[in-house]
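For reference, the structure discussed in these notes is given below.
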Amino acid sequence: MDQNSKIKFMELALKLAKKGEGMTSPNPLVGAVLVKNGRIIGMGFHKKAGLPHAEIEAFEDAVKRGNKIAGSDLFVNLEPCCHTGKRTPPCTDAVIREKISRVFVGMTDPNPRVSGLGIKKLKKAGIKVESGLLEEKSKKLNKVFIKHITTGFPYVVLKMAVTLDGNIATKSGDSKWIGSETQRKYAHELRNKLDSVLVGINTVLSDNPSLNVRINKKNISQPVPLVLDSKLRTPAGSNIIKIHEKAIIACSKEVKQVKVNKLENAGAIVLPTATDKNGHIRIKPFFKKLVKMDITSVLLEGGSKVASSAISEGLVDELNIFYSPKIVGGDGINMIAGLGIDKMSKAIPVNNINIKKIGQEFMVEGYINNK
């Protein structure tokens, strides 16, 4: 098989994997393509955590089509797992059992329980393995999985709608609406892809946001609302508690139990968390707890202070800044509160910039921790 054909089949595996966005967490996005004599005989992708993995879906698809699997090539964007997970058996056993001839892998699994071991097991069974095909694209697709499985922290996207002069509100605090309906729809697509949405208590008190996904799409995954609320002022009747199955609120460890009980009785999950010298929630220990609750990605929609805190603690991986063709002036509320940077040489670099035009607005995408 020539290199162009290999790339074509791996591109298809990546395209299939992408279909599972927003549905597979805490698992990775994986697509699989079975090829025999240059012809596709089966395809599949991991649809949801707890359901069969991509390789099994591809095998089942091949059988439904009436194709014989033995002797075929398997293209998969992530190394097949070799361990028994919480809900599914190892895929390497199925690959060996089905007598696959060759396996083309996009990237090695970063999970220490798998990393390289799946490939080793396949080779030991006499299956030829070629790894690293479209590796960078494979890594970008699974940036969320890579972050949480290797660091124990969620992947964090800071999303903001701002004016051309970098403000998120006027001097009076008015922010509706900076962006257009088109921009807001794009933002809802982001929510659909990530596990949770985080805001500060001031946003909850002033806007009573729903923080849900409102798009016309077949498969929708509602994010878990997260609130930084040191004094636990979140109203028990707020939208985030009424609308969602669960909302997680981080508060100070000094908050009285009666306040905690009131919100927990309303259906919220309250997590007492360490605070800084100013009494603000320390985001890092809060995020560490989230991964243990299978929340592997966070969309930061909080105000300038929340953005500043997350950046200061080194937690933001990706920026999605939507610029609207409006100007409100220097007395507006800046998009990011003070970071204490006094020299340009200490400015935080943003890498791999990508600019997308959305109607009359444009979105700047960039990466901070991910170089």
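A few points about this structure:
- Checklist (1) free of Cβ contacts under 8 Å to residues at least 40 places away in the same chain; (2) surrounded by fewer than 23 Cβ atoms within 10 Å (Cβ to Cβ); (3) outside any loop (DSSP other than H, G, I, E, B) applied to Phe59, failing item: (2)
- Single residue of region 190-226 satisfying the filter (within 22 Å of the chain's Cα centre (by Cα) and of a type in the set (D, E, K, R)) that is surrounded by the most Cβ atoms within 10 Å (Cβ to Cβ): Asp195
- Pair list, Cβ < 9 Å and 6+ apart or interchain, from region 125-142 residues that are under 12 Å from Lys18 (Cα atoms) to residues that are among the β-branched types (Val, Ile, Thr) and at pLDDT 95 or above: Ser138/Val105; Asn142/Val30
- Residue satisfying all of: in region 7-51; part of a strand (DSSP E or B), open to solvent by less than 20 Å² (accessible area, probe 1.4 Å) and not aliphatic (A, V, I, L, M); nearest to Leu290 (Cα to Cα) among these: Gly31
- Of all residues in region 319-363 being open to solvent by 80 Å² or more (accessible area, probe 1.4 Å) and of a type in the set (Lys, Arg), the one that is nearest to Val204 (Cα to Cα): Lys326
- Strands (runs of 3 or more DSSP E) within region 75-189 that include 2 or more residues open to solvent by 50 Å² or more (accessible area, probe 1.4 Å): 128-131
Results for (1) among the hydrophobic types (A, V, I, L, M, F, W, C); (2) farther than 22 Å from Phe286 by Cα; (3) touching a residue at least 40 places away in the same chain (Cβ under 8 Å), shown as yes or no for each residue.
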{"site": "Lys185", "(1), (2), (3)": "no, yes, no"}
{"site": "Ile201", "(1), (2), (3)": "yes, no, no"}
{"site": "Asp229", "(1), (2), (3)": "no, no, yes"}
{"site": "Arg233", "(1), (2), (3)": "no, no, no"}
{"site": "Ile243", "(1), (2), (3)": "yes, yes, no"}
{"site": "Lys259", "(1), (2), (3)": "no, no, no"}
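- Some residue of region 90-98 being touching a residue at least 40 places away in the same chain (Cβ under 8 Å), in contact with a helix residue (DSSP H, G or I) (Cβ under 9 Å, 6 or more places away or on another chain) and closer than 19 Å to Ala17 by Cα: yes
- Against the numbered list (1) closer than 28 Å to Lys171 by Cα; (2) assigned to a loop (DSSP other than H, G, I, E, B); (3) open to solvent by 50 Å² or more (accessible area, probe 1.4 Å), Val316 comes up short only at (3).
- Checklist (1) touching a residue at least 40 places away in the same chain (Cβ under 8 Å); (2) farther than 13 Å from Gly200 by Cα; (3) among the aliphatic types (A, V, I, L, M); (4) out of contact with any Phe, Trp or Tyr (no Cβ under 7 Å at 6 or more places or on another chain) applied to Ala274, failing item: (1)
- Within region 208-239, the residues that satisfy the criterion of being farther than 16 Å from His188 by Cβ and either in a helix (DSSP H, G or I) or of a type in the set (Lys, Arg) (or both) are Lys231, Arg233.
- Consider region 283-313 and keep the residues that are of a type in the set (Val, Ile, Thr) and open to solvent by less than 10 Å² (accessible area, probe 1.4 Å). The one that is farthest from Gln183 (Cα to Cα) is Ile283.
The values are calculated or read from the model by the stated rules, or taken from the named source; none is laboratory data. Not measured: the values here are computed from a predicted model. Neighbour counts run over all protein chains shown; Cβ positions are idealised from the backbone, glycine included. Surface areas here come from the heavy atoms of the whole protein model, side chains and all, with no ligands, DNA or RNA. Shrake-Rupley method; radii C 1.70, N 1.55, O 1.52, S 1.80 Å.
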